[in-house]
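Worksheet: one structure, shown below.
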Amino acid sequence: MSFEKLPFFIELLNDNIENQAALADAVIELEETLSYEQIALLLEAFPIPVRKLIWQLLSQETQQQVFIEMRIESRQIILNASEDEECFPLFEKLDADELLDLSEDLSDRFVDYAVSRMTAKQRALFKKAQEFAFEEVGHWQSFDYIQIPERLKTSGVKKILSNVLPPLSEVFYVTNNDATLIGEVAISQIITIENDTPISSIAESDIEVLLSTENIYSAVEKVIASGKAALPVVDTKGCLTGRLDLQQACRISEQEKDSQLFQSAGLVEEEDLFANVWSSSKNRAIWLGINLITAFLASWFIGLFEGTLQQVVALAVLMPVVASMGGISGSQTLTLIIRGLALGQITDSNKKAIVFKELKVGVINGILWATVIASITYLWFSNPLLSLAIYISILGNIVIASLSGVWVPWLLTKLNIDPALSGSVILTTVTDIFGFITFLGLGALLLT
């Protein structure tokens, strides 16, 4: 998917935010130009009040399809910013596949409403998929496929195939009376086959299948490597239950890669650019706490030599804590901003709002962890001036790291330098230099 059009529409919407008529025209234009996935990404580039204003101007059909494409936290922001009566139309006439993508993170009232608006067939399929664990193929399988009984002849199959086919349909599956999968036939092959030919005689039986209880991530790799548009899914008895198509496989694969990338930086992979400040602070604070444990462990080993050194050596003992806290805080922001830049969500018009949001997150986490670290320092060294020095240093370094996490990748992008490759190196240098100068400078001022 191309993201090159997103900056244009972000600027267009920002320029017309005060003009209701012009904004409505801009929204109509983006609906006609962008895909649903692109619109979902575009909305994330706006602060919540502006996002809700744009959201209300979208057509109901667009709202529903964009809602499906959104990340988890972005969906929750829309639900939290709207009354239930405004949200219920989002869950009208969803099929089982669509609701399965949403249901894990929806409240029961929305899931129950969506199920109540389904056809009996879709309700049964949804219930069937819910029997499988989240990590199993059965939970993610699609029910949109062509199943042909083995008793039919080619003439009957041609009539069935003359109707509208499901997306990514290059084959149909042949089953017996018990729904056991016998094989598959390429749709393109049917054209050249005589009408009175039994379909079972041309079905290819040597095909790759997925078990409904198989791990979804290993199954995704099989689908991608197969070179096919989809692979059939069967239960332990060999009965056809669905299929896993290439589009779904690629989406799950990309989500897993994003998850690993964000977890490496201590972030929730679904975090929105304009997520609630307290929520963002909480998500990052957990990993800052984990990082704090490792930082104090390193300081403890250095502190083993404390008895043979003078008081000023306490500064050297605590220096890794200052550097480490700044580094992890900066890398969290850096990862989020690099993703936003890659998706075209960050432009000159929303840069100020992002900087302000990250500043608030940095201040909250800075105060929290500066207090914790200063308290531990006082218990360790019984020196209030040393605790004051490290409090100021930690607070300042986390705030600087949060701001640097925005500005460093932004400036590197302007200089045509890949921030994914060099951003962390520059960021670490900035936070280390600032942290050490602040801490050692305050130490020299207060302790000597």
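The values are calculated or read from the model by the stated rules, or taken from the named source; none is laboratory data. None of the values given here were measured: they were computed from a predicted structure. Positions of Cβ are backbone-derived with ideal geometry, glycine not excepted, and every protein chain shown enters the neighbour counts.
If I ask for residues that are over 26 Å from residue 392 (Cβ atoms) and of a type in the set (Ser, Thr, Tyr), which ones from region 318-344 would you list? Residue satisfying the conditions is 335 alone. The set of residues in region 68-95 that are more than 21 Å from residue 118 (Cβ to Cβ) and of a type in the set (Asp, Glu) comprises 73, 83.
Screening residue 79 with (1) without any contact (Cβ under 8 Å) to a residue 40 or more places away in the chain; (2) crowded, with 19+ Cβ neighbours inside 10 Å; (3) in a helix (DSSP H, G or I) gives one miss only, at (2).
Yes/no matrix, rows are residues, columns are (1) at pLDDT 95 or above; (2) more than 25 Å from residue 277 (Cα to Cα); (3) among the hydrophobic types (A, V, I, L, M, F, W, C):
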position: 359; (1), (2), (3): no, no, yes
position: 377; (1), (2), (3): no, yes, no
position: 395; (1), (2), (3): yes, no, yes
position: 401; (1), (2), (3): no, no, yes
position: 409; (1), (2), (3): no, no, no
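Among the residues of region 204-228, the one identified as touching a residue at least 12 places away in the same chain (Cβ under 8 Å), surrounded by fewer than 16 Cβ atoms within 10 Å (Cβ to Cβ) and hydrophobic (A, V, I, L, M, F, W, C) is 224. Looking only at region 381-416, filter to residues that are assigned to a helix (DSSP H, G or I) and polar (S, T, N, Q); which one of those is surrounded by the fewest Cβ atoms within 10 Å (Cβ to Cβ)? Selected residue: 413. Highlighted here are the helices (runs of 4 or more DSSP H) found entirely within region 98-183 that include at least 3 residues which are free of Cβ contacts under 8 Å to residues at least 12 places away in the same chain: 108-116, 120-129. Looking at region 321-357, which of the residues that are charged (D, E, K, R) and touching a helix residue (DSSP H, G or I) at 6+ places or on another chain (Cβ under 9 Å) is modelled with the highest pLDDT? Result: 357. Screening region 84-97 for residues that are more than 21 Å from the chain's Cα centre (by Cα) and assigned to a helix (DSSP H, G or I) and picking the one that is surrounded by the fewest Cβ atoms within 10 Å (Cβ to Cβ) gives 85. Determine whether region 362-379 contains at least one residue that is assigned to a loop (DSSP other than H, G, I, E, B), in contact (Cβ under 8 Å) with a residue 24 or more places away in the chain, crowded, with 20+ Cβ neighbours inside 10 Å and in contact with a helix residue (DSSP H, G or I) (Cβ under 6 Å, 6 or more places away or on another chain). No: region 362-379 contains no residue that is assigned to a loop (DSSP other than H, G, I, E, B), in contact (Cβ under 8 Å) with a residue 24 or more places away in the chain, crowded, with 20+ Cβ neighbours inside 10 Å and in contact with a helix residue (DSSP H, G or I) (Cβ under 6 Å, 6 or more places away or on another chain).
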